[in-house]
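Written out below as structure tokens is the structure these notes cover.
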Amino acid sequence: MSFFDDLVSAAAGILQRIFGNGASAPLDTADARSTPPSSVEVVQAGSVAPAVPEAPAGAGYPDVFMLPLPALGQIMPHQREGVLAAYLPYLTGAMVEFAIDTRLRAAAFLAQLAHESAELREWTENLNYSAAALLATFPTHFDAETAAAYARQPERIANRVYANRMGNGPEESGDGWRYRGRGPIELTGLDGYRGMGAALGVDLVGNPDLAATPRVGFRIAGRYWATHDCNRLADSADQAWAFQAITRAINGGLNGLASREAYYAKAREALEC
């Protein structure tokens, strides 16, 4: 087993002891709208986990490795509890791996994931744009004629707007669609898939759909977070400034800031920080 597999197994064991078999119930893939059914991996009930320290009585939220399922549900109320329970071992495993290991770090991380992925319901970039949306979103790539020709054709749209950048080839190469955004913090472009895959020891170039699985997608989000210095920012005493700086690191700007801040407030309340 890999180090990450050990973390996932240990997390599953803790959750099993806390919440019973419901913490690892099979995922209803109909509720994970953009996640391919074959890609969802669930730790089976009764699996043997490595021994880990028990939380002291009354400790509440002692560390992120024990991220409570009810708290996650409070932060992301629009995702079903059974889906969150299935994701939780992979989420906590990634958080431990990338030192998202304090309440404030966890609150900021989960708030950003909640906004970016619509509460872990969107795992693949939605490129099903109307002609009007293409003109508004990609004005340098479309005029009225081409927008009408490409409207509501996600594969063609991806190949056009992502062509000849981020390591992708020309439109006819198909790289734009092949390496479109995937994961709770969207990984996009051949260069991104190649670099992230090398860092995680996963063949994302040959198997890009792995980025939209819980096992790999949460690790991608965790590594992106860590390599953009978001843990240090989350530790800042000036939380308002820090959260905006984290948003810029994740988004490149402050798009959706009000939504992100609302999730952050929920997360801090749920995690008591």
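Nothing in this text is a laboratory measurement; each read-out follows from the coordinates by a stated rule. If you're wondering where the values come from, they're calculated on a predicted model, not measured in any experiment. Please note: Cβ atoms are built from the backbone with ideal geometry, for glycine as well, and neighbour counts cover all protein chains shown.
The stretch between Gln153 and Ala265 holds 36.6 nm of extra length on full extension. This uses 0.36 nm per residue minus the Cα-Cα distance. Computed over segment 114-273, the alpha-carbon pair-distance distribution with 10 angstrom bins reads 10, 33, 34, 19, 4, 0, each value a whole percent. Projecting the Cα atoms of Val205, Leu271, Phe243 onto the charge dipole of segment 132-273, computed from C-beta unit charges around the Cα centre, puts Leu271 farthest toward the positive end.
Charged side chains reduced to their Cβ positions (Lys and Arg at +1, Asp and Glu at -1) give segment 131-212 a dipole of some 120 debye around its Cα centre. Exposure proxy ranking for Trp225, Trp177, Trp241, based on other Cβ atoms within 10 angstrom of each Cβ and starting from the fewest, stands as Trp241, Trp177, Trp225.
Modelled label positions at Ala258 and Asn126, each set 7 Å beyond Cα in the direction of Cβ, lie 1.9 nm from each other. The slack between Asn251 and Ala237, meaning 0.36 nm per residue of separation minus the straight C-alpha distance, is 2.8 nm.
Could you compute the FRET efficiency for Phe138 and Gln74, with r as their C-beta to C-beta distance and R0 at 35 Å, rounded to 0.05? Don't skip to the answer; put the middle values down first.
On the way: r = 37 Å, r/R0 = 1.05.
So the FRET efficiency works out to roughly 0.45.
Remark: segment 131-212 is approximated by an ellipsoid whose semi-axes, taken from the C-alpha gyration tensor as √(5λ), come to 26, 12, 10 Å, largest first.
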